[in-house]
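Participant: Here it is: the structure, laid out below.
The values are calculated or read from the model by the stated rules, or taken from the named source; none is laboratory data. As the structure is a computational prediction, the values presented were derived from the model and not from experiment. Quick reminder, even Gly has a Cβ in these numbers, built from the backbone with ideal geometry, and neighbours come from all protein chains shown. With ligands, DNA and RNA removed, areas are computed over all heavy atoms of the protein, side chains included. Shrake-Rupley method; radii C 1.70, N 1.55, O 1.52, S 1.80 Å.
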Amino acid sequence: EANGRKVLEAIGKDAGPTGIILAAQMPAAVQALQDAIALEESAPPVLDAKGEPVKRDALGLRQRAVPFIEILQRNFKSGTDITWGV
């Protein structure tokens, strides 16, 4: 759930029990996810009290978002909205 919430928040959607992403919104959603991935990957490492890098989660936003980006792109091409819980 937390991973899905992070992806939806990156595109400005509420991770509530129902929702819709209109086909017209999908190019902006893809761009927002690509921007969020780039930002995460360019962030400097977080250091602990000893000045050593803190280990990041093994799976970053890229691994979590790329499958969703592919879904958005396919649905945009077919003109199909994405809905959940409706």
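Participant: Of everything in the range 7-16 that's modelled with pLDDT of 90 or more and of a type in the set (A, V, I, L, M), which residue is nearest to Val66 (Cα to Cα)?
Facilitator: Val7
Participant: Another one. Taking the range 23-74, which residues are open to solvent by 80 Å² or more (accessible area, probe 1.4 Å), at pLDDT below 95 and charged (D, E, K, R)?
Facilitator: Selection gives Glu41, Lys50, Glu52, Lys55, Arg56, Asp57, Arg62.
Participant: So which of Ile20, Ile82 ends up being in contact (Cβ under 8 Å) with a residue 60 or more places away in the chain, surrounded by 14 or more Cβ atoms within 10 Å (Cβ to Cβ), over 16 Å from Asn3 (Cβ atoms) and under 17 Å from the mean Cα position of the chain (by Cα)? Working first, answer last.
Facilitator: Details: Ile20 fails: surrounded by 14 or more Cβ atoms within 10 Å (Cβ to Cβ).
Criteria check complete, one pass: Ile82.
Participant: Does Leu8 count as open to solvent by less than 90 Å² (accessible area, probe 1.4 Å) and without any contact (Cβ under 8 Å) to a residue 12 or more places away in the chain?
Facilitator: yes
Participant: Right, something else. Which condition breaks for Gly4 when tested against (1) under 12 Å from the mean Cα position of the chain (by Cα); (2) at pLDDT 90 or above?
Facilitator: Tallying (1) under 12 Å from the mean Cα position of the chain (by Cα); (2) at pLDDT 90 or above, Gly4 fails exactly one: (2).
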